[in-house]
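Chemist: A single structure is presented below for examination.
What follows is calculated from the coordinates using simple rules that are stated; it is not laboratory data. Since we're looking at a predicted model, the values are computed, not measured. Note that we place each Cβ from the backbone using ideal geometry, even for glycine, and neighbour counts take in every protein chain shown.
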Amino acid sequence: MTSRSDAAAGRAARRPGSMPTVTMIGGGQLARMTHQSAVALGECLRVLAASPDDPAAQVSADVVVGSHTDIDALREAAEGAVALTFDHEGVPLEHLRALEGEGVQVRPPSTALQFAQDKMAMRRRLSELGLPVPAFVDLAGDVATGREALIAFGEDHDWQVVLKAVRGGYDGRGVWIVERRDEALAVFDAQAGGDIVLMAEQKVPMARELSAMIARSPYGQGAAWPVVETVQRKGQCAVAIAPAPGLSEESAARAQQMALTLADSLGVVGVMAMELFETVDGDLLVNELAMRPHNSGHWTMDGAVTSQFEQHLRAVLDYPLGDTAARSEAVVMANILGAEEAPAMSMDERLHHLFARMPEAKVHLYGKGERPDRKIGHVNIVGVPGASVDDVRERAERAAHWMSNAQWTDGYPTDGHETGESLGDENLGDEKRRAR
Ligand code: ADP
């Protein structure tokens, strides 16, 4: 086994060029796709991954295997890097502050990231800045006081409330949408006194969910992509539609401005997603902040002049930011989610069939095993001129559903015969067939 210092020497030796090293903490798909952009810029993203099998660790030549909660692993990953950034929000703040104290360029800095780590701190800060948020109440501290606060808040809002874990939630985990007093109190009582700190907020009468993605560089330059509509299923993003259909120019500009202003006042560096609720009355409320590449920005890989991953690197390296214009009037991203039961057909075979039927589909697979509802990839469809957004969305969802389930949503046959004479498996040469 190589020691940590041998590994560090090996990494240094592999870097004869003069391009900077960026370290990303976390080896998931966001780091994997950031690495793709790093390659184009002549760089190799260094990744701190929990395991060599992690999506980004599979593809980067510069991997530190270790935990994001281990300060020594963080230090090793930061060694010699121009900037340290993240594919998740989980690094303990005290570690980030320690690294900053040692001169590491943590981007976004701990002073900004704290608000993405703690929903209560974020709600408070957003309110102080005058940004619109759902009504909320802190349930931390003494259990009896918290319970009373929940009851008072629930009564005020007809028990249309959502309970949330203040820290550590993602993809709907740590969010309880309740209908009644007894349900809310059951959630509270189950968590009371445990490790999970709760807050409650008003359940917003929502028309839809939006995301405003922006980037900010240390120089202070800001850039905003078109605001997108996100469609959630089972508490996680399933589809993103760019730009958000029917959103007025004024609302879109307001959302972008809120995100840019917030990033500026918090000193965010890198890309940031501001998730918003559009209420049935047309108001915008801020739900969440993510200070990293985000699922709602995956469409930019094929649908915008500059992808969120390249932009994140530009920002953390303090390069001028790239053009955020969309390449089409309609771009739709649909997540490929693990099916309830993984199909018998291999992923390779599914991809083959998809490409036979939909040559325009841009597929991004993360190198992850299939588990129910797990994000294992996504498909982008960039609309051709004149295509309706509904059509583009239907195609993206059909493609993603096929990749998840090996079933076409429109009943198209899957036996290969109808996939086109020149593209069906039976027309592959013997050699190609053997390779499969
Ligand atoms: P996560 O950290 O898991 O992304 P969110 O706070 O974004 O958690 O909540 C997940 C989903 O739950 C949201 O996308 C939204 O659909 C729903 N939700 C969250 N807060 C509210 C709210 N106040 N009112 C209505 N729905 C909500």
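Chemist: Taking Cα pairs under 8 Å and at least six residues apart, what relative contact order does the chain come out at, in percent?
Modeler: Details: 879 pairs, mean separation 50.7, N = 436.
Worked out over the chain, it gives 12 percent.
Chemist: Right, another one. Just rank M33, M206, fewest to most, by other beta-carbon atoms within 10 angstrom. Spell out each step's value before the answer.
Modeler: Numbers: M33 27, M206 14.
So the ranking, lowest neighbour count to highest, is M206, M33.
Chemist: I've got another one for you. Can you run the Rg to Rh ratio on segment 182-224? Use alpha carbon positions and the Kirkwood inverse-distance Rh. Kindly include the intermediate steps, with their values, before the conclusion.
Modeler: On the way: Rg = 18.5 Å, Rh = 14.6 Å.
That ratio is 1.26, to two decimals.
Chemist: On to the next question. How far apart, in nanometres, would the label points at D281 and A186 be if each is projected 7 angstrom from Cα along the Cα-to-Cβ direction?
Modeler: Those two pseudo-labels are separated by 3.2 nm.
Chemist: Most exposed first by the Cβ proxy, i.e. fewest other Cβ within 10 Å, how do R357, R216 rank?
Modeler: Lowest count first: R357, R216.
Chemist: Connecting C-alpha atoms closer than 10 Å in a GNM of the chain, tell me which of L48, L289, L131 has the biggest fluctuation.
Modeler: L131
Chemist: Given H placed on each backbone N at 1.01 Å, which residues far from M206 in sequence or on other chains put an amide H within less than 5 Å of it?
Modeler: Sorted by chain and number, the residues that satisfy this are V280.
Chemist: Once you place label points 7 Å from the Cα toward the Cβ at Y170 and T111, how far apart are they in nm?
Modeler: 2.6
Chemist: Counting DSSP beta bridges with both partners in the chain, what percentage is antiparallel, nearest 5? Could you put the intermediate results ahead of the total?
Modeler: Working: 55 of 66 bridges.
Bridges in the chain are about 85 percent antiparallel.
Chemist: Check which residues have an amide H placed less than 5 Å from V64's amide H, if you skip close sequence neighbours.
Modeler: V47, L48, A49
Chemist: Using the Kirkwood radius built from alpha carbon pairs, what does the Stokes-Einstein equation give as D for segment 265-412 at 25 °C and 0.890 mPa s, in µm² per second? Please report the intermediate quantities before stating the final value.
Modeler: Numbers: Rh = 16.9 Å.
So the translational diffusion coefficient is about 145 µm²/s.
Chemist: If the chain between R147 and D264 were fully stretched, how many nm would it gain, using 0.36 nm times the residue separation less the Cα-Cα distance?
Modeler: Working: separation 117, 0.36 × 117 = 42.12 nm, distance 3.64 nm.
Going from the current span to full extension adds 38.5 nm.
Chemist: Per DSSP H run of n ≥ 4, the term is -39500 (n - 2.57); total these for the chain, divide by its residue number, and report the mean residue ellipticity at 222 nm rounded to 500 deg cm²/dmol. Intermediate values should be presented prior to the final figure.
Modeler: On the way: 14 runs with 147 residues, N = 436.
My calculation for the chain gives -10000 deg cm²/dmol from helical runs alone.
Chemist: Also, I was wondering about something else. Over segment 270-375, what relative contact order in percent results from Cα pairs under 8 Å that are six or more residues apart?
Modeler: On the way: 123 pairs, mean separation 22.0, N = 106.
Relative CO of segment 270-375 lands at 21 percent.
Chemist: Run the reach check for K362 against lysines, Cα to Cα strictly under 30 Å, same-chain hits fewer than 8 apart removed. What comes back?
Modeler: Result set, ordered by chain and number: K234, K375, K432.
Chemist: Could you work out the Kirkwood radius for segment 19-91, taking every pair of different alpha carbons, averaging 1/r and inverting it, reported in Å?
Modeler: 11.5
Chemist: Using only the Cα atoms of the chain, build the gyration tensor, take square roots of its eigenvalues as a ≥ b ≥ c, and label the shape rounded, prolate or oblate: rounded if a/c is under 1.5, else prolate if a/b is larger than b/c, else oblate.
Modeler: Details: a/c = 1.56, a/b = 1.16, b/c = 1.34.
In terms of gyration-tensor shape, oblate.
Chemist: In a GNM of the chain with a 10 Å cut-off on Cα contacts, which of H401, H378, H352 has the highest mean-square fluctuation?
Modeler: Looking only at H401, H378, H352, the biggest GNM fluctuation is shown by H352.
Chemist: Which of the peptides 98-105, 195-202, 275-282 is most tightly packed, and how do the rest follow, going by the mean number of other Cβ atoms within 10 Å of each residue?
Modeler: Numbers: 98-105: 14.2, 195-202: 19.0, 275-282: 16.8.
Those peptides, ordered most packed to least, come out 195-202, 275-282, 98-105.
Chemist: What is the packing order of peptides 295-302, 217-224, 248-255, taking the mean over residues of other C-beta atoms within 10 Å and listing the highest first?
Modeler: Numbers: 295-302: 26.5, 217-224: 17.0, 248-255: 14.2.
In descending order of packing, they fall as 295-302, 217-224, 248-255.
Chemist: Which residue fluctuates the most in the chain, going by a Gaussian network model with Cα springs under 10 Å, if the choices are A315, A50, A334?
Modeler: Taking springs between Cα atoms under 10 Å, the residue moving most is A50.
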